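Engineer: Structure incoming, see below.
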Amino acid sequence: MNLNATLFAQLIVFFILAWVTMQFVWPPIVKALDERAQKIADGLAAADKAKTDLAHAEKKAVDELKKARESAAELRVGAEKQGTQIVEEARAEAARIVAAAREAAEAEAGVAAQRAREALREQVATLAVAGAEKILRKEINAQAHADLLAQLKSEL
Amino acid sequence: MSNVTEAAANAAEHAGAAAAHGPSAGEYIVHHLTHFNSTGHPQASIIDFSIINVDTLFWSIATGLLTIFILWLAARKATSGVPGRFQGFIELLVEMVADQAKGIIHSDESRKYVAPMALTVFVWVFLMNAMDFLPVDVLPALWQNISGDHHAYMRVVPTADLNATLGMSAGVLLLCLYYNIKIKGAGGWIHELFTAPFGSHPVLYPVNFAMQLIEFAAKTISHGMRLFGNMYAGELVFMLIALMGAAWGASGASGPMLFLGHVLAGSVWAIFHILIVVLQAFIFMMLALVYIGQAHEGH
């Protein structure tokens, strides 16, 4: 526990070491620490921003989905309406076609009936002549009695 | 203390004469507490500035260089990216010191020097204190073999030398004086020396001045003495434990108990000393910051 010149030597070493640390050690470490703190702060801010962005995007997506669902529903209602309309129209058209067909068939049937009637009339005239011939047992001149036969034909 | 030193000198001579049967307990302790200085003999007077302790200086510079090297390793690779474990550990220290300095010294300009100084002091004092963890006889015995002188002195804990601790606390005192003048101006500081702490009255000037001188002296001496006392006592206890272990072969039936006692006491004291080593380094650094911080504040 004696004092000697070591004291001064230690004093000088103390200042030299402190100076070296100040010059070469402290600044780079503190700079790195500050930069890292800044980086972390930036990172946290970015994460926060990303979170709010995500929330926005989710809300937007929900909105879009809702909108899409609504428009789809609208479309379906429209399509159903249109479909019903098309079916109605088709049904009406079909009814019209059926009616027309029926009409045509009826007309055709009428014509056929008329024709049959005409043919019958011819045959009836012939039958009547044949019948009258048999009744009169004499030949009737078809030519001489044409007027009579035509009158009979029109009466049928 | 000079009596002890003379006793040490005598003991060393006696030890030389009685080398055949090894040193006695007292001789062992005294030999271990004597510095390897520039004269080669134990220092006779309490204060002799013509002598320099070579061992203290060597180990303090060696640990100082190690301090700078460790810190420089971290500073060299310092990036803002993800730090490794070593990097993280050094950064932890830097952050700790920077936070303490920020709380105590409210001047960005002063902190540019004082904070690195505090970091250096903390790591350096810790390493110097940690020399205590080496077995007390390893480095002295090694030195005795290298130098060829089997009575060569060697003390390996620089902070167990009052010169080293007072040297550092004197450095802190110089910084305190420098910042007193820098912050308050020479006139302002001299004004404070005579008017604080009791007040500005001509009658009180001498009292104030005396108080200021006592304050500076007390701060500096207690600063250095505290560290010295703790490390000196720690070293001494390690030596006593080593002595206990050394006696185990010579004392017959109680020998195994002494061996066990050495192992037990050595382990307990070494573990406890880890706390002291770190705590004293921290206290030394904190007091340096506090004293320099006081130099920034007016009374």
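The values are calculated or read from the model by the stated rules, or taken from the named source; none is laboratory data. From a predicted model like this one, the values you see are computed outputs, not experimental measurements. Positions of Cβ are backbone-derived with ideal geometry, glycine not excepted, and every protein chain shown enters the neighbour counts. Just the protein is used for accessible areas: all its heavy atoms, side chains included, with ligands, DNA and RNA removed. Shrake-Rupley method; radii C 1.70, N 1.55, O 1.52, S 1.80 Å.
Engineer: Identify all residues within region B:34-76 that are open to solvent by 70 Å² or more (accessible area, probe 1.4 Å), of a type outside the set (Gly, Ala, Ser), farther than 17 Å from B:Ser147 by Cα and part of a loop (DSSP other than H, G, I, E, B); write none if there are none.
Structural biologist: Of everything in region B:34-76, those that are open to solvent by 70 Å² or more (accessible area, probe 1.4 Å), of a type outside the set (Gly, Ala, Ser), farther than 17 Å from B:Ser147 by Cα and part of a loop (DSSP other than H, G, I, E, B) turn out to be B:Ile46, B:Phe49.
Engineer: Within the group B:Asp132, B:Asp137, B:Asp161, B:Asp149, which residue is open to solvent by 20 Å² or more (accessible area, probe 1.4 Å), in contact (Cβ under 8 Å) with a residue 40 or more places away in the chain and not aromatic (Phe, Trp, Tyr)?
Structural biologist: B:Asp137
Engineer: What residue, among those in region B:202-249 that are touching a residue at least 12 places away in the same chain (Cβ under 8 Å) and among the polar types (S, T, N, Q), is most open to solvent (accessible area, probe 1.4 Å)?
Structural biologist: Restricting to residues being touching a residue at least 12 places away in the same chain (Cβ under 8 Å) and among the polar types (S, T, N, Q), the top hit is B:Asn230.
Engineer: For region B:82-98, which residues satisfy the criterion of being more than 11 Å from chain A (Cβ to nearest Cβ) and of a type in the set (D, E, K, R)?
Structural biologist: B:Arg85 - this is the single residue of region B:82-98 that is more than 11 Å from chain A (Cβ to nearest Cβ) and of a type in the set (D, E, K, R).
Engineer: Select, from B:Thr79, B:Thr56, the only residue that is within 11 Å of chain A (Cβ to nearest Cβ) and at pLDDT 85 or above.
Structural biologist: Checking each option against the conditions leaves just B:Thr56.
Engineer: Out of all the residues in region A:3-13, is one or more loosely packed, with under 11 Cβ neighbours inside 10 Å and either of a type outside the set (Lys, Arg) or under 30 Å from B:Ile70 (Cα atoms) (or both)?
Structural biologist: no
Engineer: Here's a follow-up. Name the one entry in B:Phe216, B:Phe194, B:Phe228 that is assigned to a helix (DSSP H, G or I) and within 30 Å of B:Phe133 (Cα to Cα).
Structural biologist: Within the list B:Phe216, B:Phe194, B:Phe228, the selection yields B:Phe228.
Engineer: Taking B:His31, is it part of a loop (DSSP other than H, G, I, E, B), closer than 16 Å to B:Tyr232 by Cα and modelled with pLDDT of 85 or more?
Structural biologist: no
Engineer: Please go through region B:59-76 and pick out each residue that is in contact (Cβ under 8 Å) with a residue 24 or more places away in the chain and either over 30 Å from A:Asp34 (Cβ atoms) or more than 7 Å from chain A (Cβ to nearest Cβ) (or both).
Structural biologist: If the condition is that a residue be in contact (Cβ under 8 Å) with a residue 24 or more places away in the chain and either over 30 Å from A:Asp34 (Cβ atoms) or more than 7 Å from chain A (Cβ to nearest Cβ) (or both), then B:Trp59, B:Ser60, B:Thr63, B:Leu66, B:Ile70 are the ones that fit.
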